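All remarks here apply to the structure that follows.
Nothing in this text is a laboratory measurement; each read-out follows from the coordinates by a stated rule. Note that the structure is predicted; figures quoted are calculated from it, not measured. Because the Cβ atoms are built from the backbone with ideal geometry, glycine has one as well, and the counts that use them run over all protein chains shown.
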Amino acid sequence: MKKISAWLSTFILCFLFWELLVWSANPRELLLGALVSAGAAALSSRFLIHESAWYLYNPVRLLLLLIYCLFVFMRELIAANNQMAKIVLSGHYDRLSPGVIRVPGDGRIRSEYGLAMVANSITLTPGTITMDVAEDDQGNPVYYVQWIDVAETDRGKAGEIIKGRMERAIARIWGEKPGKEADR
Amino acid sequence: MNTLFLIGAICYVVLALGLIYRIARGPSAADRLVAADSLDLITSTALVLYALSCGRMIYLDIALVVAILGFISTVFISRYLEGRV
Amino acid sequence: MMSTVMTAIIAVLLIIGAFFALIGTMGILRMPDVFGRMQASTCIATLSTICVNLAGILYVITAGLSAGTAVKLVILAVFVLVTNPISNHALCKAAYRIGCKPAEPFCVDDLAADFGEEAHTHNTADLPDSAFDVSGADASQQAEEGELQ
């Protein structure tokens with residue numbers, strides 16, 4: 001039963017992607033797309049779905065995701081790009097102090113989608129790259145971040161500078177109550 | 001409007017030549033791989049601009065394929081460098 | 001009137017995109033070590049791609065082309081934004097693990113402090129250039145001995 005629902009949710013995603021690529025309602029295209037995405041879903045559903053199969057299909061969650069991508073993330077992206085442009089155009093590369101720093105993560109984000117999204121958001125802002133995600137002894141996530149100019153060596157404050165606003169917005173999307181093992 | 005996109009595409013091609021210098025010169029394999037990854041993205045963007053300039057939308061598909069191949073090859077080559085393939 | 005405004009907006013977006021692509025390329029060409037180059041190359045993937053695809057979408061809407069083209073541009077931008085952090089992460093971790101040296105030593109290095117020996121690997125495919133350079137020492141030696149002529 002679990003396998004079938006995982007297959008079905010992957011199939012819906014693949015079919016939507018095929019429709020976006022082809023952009024026609026010709027019955028032949030629809031049939032071919034259904035066949036191809038059924039095969040792709042059978043091969044790849046065990047890589048995509050690890051927990052609950054219908055975790056992704058939640059309209060509130062998708063709306064919050066869209067708001068996050070369009071406003072919160074875009075603002076951070078533009079600010080980080082401007083800073084990177086200043087660094088490159090100034091030409092004083094010997095004044096930078098690169099380093100790999102361990103920043104503590106929000107304990108509310110436990111699901112794989114949330115962890116991957118925080119790590120990818122950190123990597124996409126120029127100036128920081130996530131190198132590893134691990135768990136500390138309480139089970140909270142920690143991120144190892146390669147930072148081109150370490151401005152703050154205190155771990156908590158560095159985490160606030162690197163990902164503070166983005167992580168609060170993501171915790172609103174994928175976060176769960178601490179101690180409650182929901183959706184697993 | 002078409003000339004605008006064509007000028008943009010030419011700018012991107014010039015930037016790609018700069019990246020080719022880094023690929024030829026780079027001291028280690030990781031430097032070359034960084035430049036090659038960016039070269040894929042620049043090629044895909046130049047293809048988008050050229051498609052809009054001459055009105056042939058088939059180049060958009062080619063840009064998508066170039067982006068996909070660049071992603072897969074970067075991930076595989078970096079795993080190979082790490083000695084895990 | 002409308003199309004003039006649209007042309008101006010598209011031109012501004014294209015200039016912003018080309019400017020950040022220039023920033024990324026300059027960073028790759030001028031930064032002293034691998035990690036700085038990697039950070040600079042993120043500019044190309046993010047703001048440059050977003051701005052150029054946005055300009056394309058605006059052009060498709062004003063020129064009245066088919067909606068499938070605009071959707072394809074959106075797919076291209078989203079695809080690059082989703083996959084680029086994955087390849088960048090794999091590349092950065094590989095460069096760190098095979099022991100690429102930064103231009104100045106890291107001021108903080110928590111990965112080496114926490115994982116110790118496991119943070120680096122000796123198993124690498126990145127050999128120095130001298131391992132491949134067969135035209136250097138041997139050939140000149142042979143030329144001196146006169147075996148090749």
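Side notes on the structure shown:
- The value given for the range A:26-102 is a Kirkwood hydrodynamic radius of 17.7 Å, derived from the mean inverse Cα-Cα separation.
- Separation of the A:Leu8 and C:Glu118 label points, Cα + 7 Å toward Cβ, nm: 4.0 nm
- Among C:Thr121, C:Thr25, A:Thr123, a tally of other beta-carbon atoms within 10 Å of each Cβ gives an order, fewest to most, of C:Thr121, A:Thr123, C:Thr25.
- In terms of packing, defined here as the mean over residues of other Cβ atoms within 10 angstrom, the peptides A:48-58, C:71-81 line up highest first as C:71-81, A:48-58.
- Distance histogram for the range C:2-131 (every C-alpha pair counted, 5 angstrom bins, percent rounded to whole numbers): 2, 9, 13, 15, 15, 12, 10, 8, 6, 5, 4, 1, 0
- Using θ = phi - 60° and Karplus 6.51 cos²θ - 1.76 cosθ + 1.60, couplings along the range A:137-148 (whole Hz; Gly, Pro as x): 6, 8, x, 7, x, 10, 10, 9, 10, 8, 10, 6
- For chain B, averaging the sequence separation of C-alpha pairs within contact (under 8 Å, six or more residues apart) and dividing by the residue count gives a relative contact order of 31 percent.
- Label-to-label distance, A:Leu43 versus B:Ile58, with points set 7 angstrom from Cα along the beta-carbon direction: 2.6 nm.
- Neighbour-count order for A:Tyr93, B:Tyr21, fewest beta carbons within 10 angstrom listed first: B:Tyr21, A:Tyr93
- Whole-number percent relative contact order across the range A:84-184, with pairs defined as alpha carbons under 8 Å at least 6 apart: 36 percent
- Peptide B:70-79 is shielded by partner chain Cβ atoms: per residue, an average of 5 of them sit within 10 Å of its Cβ.
- Spherically averaged projected area of the protein assembly as shown from its Cα convex hull (nm²): 26.5 nm²
- All C-alpha to C-alpha distances of chain A, sorted into 10 Å bins beginning at zero, yield P(r) values of 8, 28, 29, 21, 11, 3, 0 percent in whole numbers.
- Förster-model FRET efficiency, 56 Å R0, A:Asp137 and A:Glu19, C-beta, rounded to 0.05: 0.75
- By other beta-carbon atoms within 10 Å, ranking B:Thr74, A:Thr153, C:Thr4 with the fewest at the front produces C:Thr4, A:Thr153, B:Thr74.
- Relative contact order of chain A, defined on C-alpha pairs under 8 angstrom at six or more residues apart (%): 23 percent
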